[in-house]
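Quick notes on the structure that follows.
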Amino acid sequence: MQTCEYAGAPFTEPRSHPWVDAAGDPAGRYYDFTANPALIRRSLEDFLPWSGDPAIDAFYVLLEEINQPSSVFESNDCAFTGPHENDQPMVPMALQCSGRVMVLFRELRQNTDHARVETLKDHLHMALTELDRDFPWGMVGTTIIPVRYLTLADGAEASLGWQLMISFWAWGDTAADTMTNLGRLLRNLTQALGTVAARVAQR
C-alpha cells in the first residue's frame with residue numbers, strides 16, 4: 001500500500017471531542033459508535049447514497065472494528081466523496097474518490113501525549129507498507145490534528161490533545177473500478193489498524 005503524510009486543510013482552531021455540529025454541514029452531528037454501533041450503517045450522510053456497494057460495506061466494517069468493545073481505538077468524524085474527475089496529474093486514471101476517518105485512543109487521556117499519537121501514526125504507516133505492495137490505485141495519508149477533549153476538562157479549560165486523521169484516495173477509469181479499488185484499500189486499512197491495535201495493546 002502507498003502511504004503519505006498529508007498536510008490536509010489547515011485547522012485554525014482545535015476540533016473538539018465530542019463535537020456538537022459540523023461547520024460545513026449543519027445536518028452533521030457526532031455519534032458515539034462505541035455506545036451505538038448499529039448507527040454506523042444508517043447515520044453517515046456522505047456514505048448513505050452509496051450503501052449497497054461492497055466498498056462502502058468495507059468502510060462500515062472498518063468503523064465496526066475501530067469501535068468494537070475490545071478495541072483500543074474509537075472514531076470521531078468521517079467523510080466521503082464518490083467517484084469524480086481525477087485531479088491528480090501523476091495518477092493515470094480518469095476518476096478518483098476520497099474520504100477520511102478520525103481515529104483516537106479509547107482511553108482519552110492517552111491522546112494528550114503527542115508522542116503516543118505520533119507512534120500510532122508511524123505504526124500505521126509501517127503496517128500499511130507491508131500490505132498489498134503491488135496495488136498502485138490507492139493511497140492512505142495521515143495528519144495529526146489538535147483536539148480539545150471536553151470530558152477531560154481541568155476547571156474551565158478542556159484538555160488539549162491530538163487525534164489521527166486518516167485520509168484515503170482511490171482511482172479508476174470507471175466508477176465501478178474506482179469503487180472496487182476503494183474497497184481493496186479499505187480492507188487493507190482495516191487489517192493494518194488491527195495490526196497496530198495489537199501492538200498498542202502490548203505496550
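Going through segment 48-57 one residue at a time, which ones are surrounded by 17 or more Cβ atoms within 10 Å (Cβ to Cβ) and at pLDDT 95 or above?
Taking segment 48-57 and keeping what is surrounded by 17 or more Cβ atoms within 10 Å (Cβ to Cβ), we get 50, 53, 55-56.
Correct list: Asp53, Ala55, Ile56.
Scan segment 127-150 and tell me whether some residue there is over 26 Å from Asp53 (Cβ atoms) and either of a type in the set (Asp, Glu) or without any contact (Cβ under 8 Å) to a residue 12 or more places away in the chain (or both).
Within segment 127-150, one or more residues are over 26 Å from Asp53 (Cβ atoms) and either of a type in the set (Asp, Glu) or without any contact (Cβ under 8 Å) to a residue 12 or more places away in the chain (or both).
Here is a check on your reading of the model: is Ser167 under 20 Å from Ala7 (Cα atoms) and of a type in the set (Gly, Ala, Ser)?
Working: under 20 Å from Ala7 (Cα atoms): yes; of a type in the set (Gly, Ala, Ser): yes.
The answer is yes for Ser167.
Can you name the residue in segment 55-86 that is in a strand (DSSP E or B), within 11 Å of the chain's Cα centre (by Cα) and not polar (S, T, N, Q) and, of all such residues, is farthest from Val103 (Cα to Cα)?
Of all residues in segment 55-86, those in a strand (DSSP E or B) come to 73-85.
Within this subset, residues satisfying the condition of being within 11 Å of the chain's Cα centre (by Cα) are 74-80.
Now drop any that are not not polar (S, T, N, Q), which leaves 74, 77-80.
Working: Glu74: 6, Asp77: 8, Cys78: 9, Ala79: 13, Phe80: 15 Å.
Only one residue tops the list, namely Phe80.
For segment 137-158, which positions are part of a loop (DSSP other than H, G, I, E, B) and modelled with pLDDT of 95 or more?
Here is the first cut: in segment 137-158, the residues part of a loop (DSSP other than H, G, I, E, B) are 137, 155-156.
The answer is Trp137, and nothing else.
Would you mind stating whether Val91 is among the β-branched types (Val, Ile, Thr), farther than 16 Å from Ser167 by Cβ and either part of a loop (DSSP other than H, G, I, E, B) or at pLDDT 95 or above (or both)?
Details: among the β-branched types (Val, Ile, Thr): yes; farther than 16 Å from Ser167 by Cβ: no; either part of a loop (DSSP other than H, G, I, E, B) or at pLDDT 95 or above (or both): yes.
It is false that Val91 is among the β-branched types (Val, Ile, Thr), farther than 16 Å from Ser167 by Cβ and either part of a loop (DSSP other than H, G, I, E, B) or at pLDDT 95 or above (or both).
Out of the residues in segment 159-203 that are touching a Gly at 6+ places or on another chain (Cβ under 6 Å) and not in a helix (DSSP H, G or I), state the one that is surrounded by the most Cβ atoms within 10 Å (Cβ to Cβ).
Taking segment 159-203 and keeping what is touching a Gly at 6+ places or on another chain (Cβ under 6 Å), we get 167-168, 170, 178, 181, 185.
With the extra rule that they be not in a helix (DSSP H, G or I), the set shrinks to 167-168, 170.
Values: Ser167: 17, Phe168: 23, Ala170: 26.
So the residue we want is Ala170.
Give just the number: which of (1) closer than 18 Å to Val200 by Cα; (2) surrounded by fewer than 17 Cβ atoms within 10 Å (Cβ to Cβ) does Ser75 not satisfy?
(2)
Which ones in segment 179-203 are among the polar types (S, T, N, Q), modelled with pLDDT of 95 or more and out of contact with any strand residue (DSSP E or B) (no Cβ under 9 Å at 6 or more places or on another chain)?
Restricting attention to segment 179-203, the residues satisfying the condition of being among the polar types (S, T, N, Q) are 180-181, 188, 190-191, 195, 202.
After this cut, where a residue has to be modelled with pLDDT of 95 or more as well, the list is 180-181, 188, 190-191, 195.
Once the filter is applied, which keeps residues that are among the polar types (S, T, N, Q), modelled with pLDDT of 95 or more and out of contact with any strand residue (DSSP E or B) (no Cβ under 9 Å at 6 or more places or on another chain), segment 179-203 yields Thr190, Gln191, Thr195.
How many residues does segment 168-192 contain that are in contact with a helix residue (DSSP H, G or I) (Cβ under 9 Å, 6 or more places away or on another chain), under 13 Å from His84 (Cβ atoms) and hydrophobic (A, V, I, L, M, F, W, C)?
The number of residues fulfilling the criteria is 5.
Which of (1) in contact (Cβ under 8 Å) with a residue 24 or more places away in the chain; (2) over 13 Å from Leu182 (Cβ atoms); (3) of a type in the set (Gly, Ala, Ser) does Ser51 not meet, given it meets every other one?
Single failed check for Ser51: (1).
Just to be sure I understand, how many residues within segment 109-136 are more than 18 Å from Arg199 (Cα to Cα) and part of a helix (DSSP H, G or I)?
Step one: filter segment 109-136 for residues more than 18 Å from Arg199 (Cα to Cα), giving 109, 112, 132-136.
From what is left, the residues that are part of a helix (DSSP H, G or I) are 109, 112.
Residues flagged as more than 18 Å from Arg199 (Cα to Cα) and part of a helix (DSSP H, G or I) within segment 109-136 amount to 2.
The values are calculated or read from the model by the stated rules, or taken from the named source; none is laboratory data. Keep in mind that what you see is a predicted model, and the values were worked out from it rather than measured. Virtual Cβ from ideal backbone geometry, glycine too; neighbours counted across all protein chains shown.
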